[in-house]
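The values are calculated or read from the model by the stated rules, or taken from the named source; none is laboratory data. Since the model is a prediction, treat every value here as computed from it, not as a measurement. Cβ: placed from backbone, ideal geometry, glycine included. Neighbour counts: every protein chain shown. Just the protein is used for accessible areas: all its heavy atoms, side chains included, with ligands, DNA and RNA removed. Shrake-Rupley method; radii C 1.70, N 1.55, O 1.52, S 1.80 Å.
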Amino acid sequence: QCLLSGSWRSDTGCRMVVSVLGKDGSFSGSYLPGPATSDSKMLTSPLEGSQQDTGMVPHPTFSFTVHWRLQARTTAFLGQCYVGTNGEETLHTVWLLREAAHSPTEDWKATR
C-alpha cells in the first residue's frame, strides 16, 4: 500500500524514519546520513514532507525536505513508492542539495 511511516534505508546506508503520518498525507521524522557521508558534522536532522493519497493511486508520489543541523544546507527529495510482486515497498527518489552561498556570484555552485 506504500505507507511511508516507519524506517527506510537507502542503498548508501542513509536512514529515514517517518514518525508521524497525517491523514492529509503530511509526514515528519528524521534523516541520518549513511557511512558514505564523509562529513562527521552531519547528525540526525528533521524532515518534513507529504505523500499523495494512497487511495488514489497504487504507487503514490511524495516529497520531503531535510534541514541539516549545524550546517546551512537543505535537501529536497522527490520520489515515488512502488510495491513489488512480493509486497515489498521500495522508494525511488531524486534529490537536490542546497548550501548557503556567500554571495550572488557564488550562487551557481550552491546547488548539487
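The apolar share of the surface of the range 1-106, taken as the fraction of accessible area on carbon and sulfur atoms (1.4 Å probe, ligands and nucleic acids excluded), comes to 55 percent. A simple spin-label model places pseudo-atoms 7 Å from Cα toward Cβ; at W8 and T74 they are separated by 1.9 nm.
When you restrict to C-alpha pairs under 8 Å that are six or more residues apart and normalise by the size of the range 6-109, the relative contact order lands at 16 percent.
Rounded to the nearest 20 debye, the dipole magnitude of the chain is 280 debye, with +1 charges on Lys and Arg beta carbons, -1 on Asp and Glu beta carbons, and the Cα centre as origin. Scanning the chain for cysteines with no neighbouring cysteine C-beta under 4.7 angstrom from their C-beta gives C14.
Take H92, H102 and sort them by solvent-accessible surface of the protein heavy atoms, 1.4 Å probe, largest at the top.
So the residues, ranked largest to smallest area, are H102, H92.
Residues in the chain average 65 Å² of solvent-accessible surface per residue, probe 1.4 Å, ligands and nucleic acids excluded. Once R0 is set to 22 Å, what does the formula 1/(1 + (r/R0)^6) return for the Cβ-Cβ distance between L96 and H59, expressed as a FRET efficiency to the nearest 0.05? Result of the calculation: an efficiency of 0.50. A Förster radius of 22 Å combined with the Cβ-Cβ distance from K23 to Y82 puts the calculated FRET efficiency at roughly 0.45.
For the chain, the residue among P104, S19, T54 whose Cα projects farthest onto the positive side of the dipole built from Cβ charges is P104. As an exercise, find the ratio Rg/Rh for the chain from alpha-carbon atoms, using the Kirkwood inverse-distance average for Rh. Dividing the radius of gyration by the Kirkwood radius yields 1.01.
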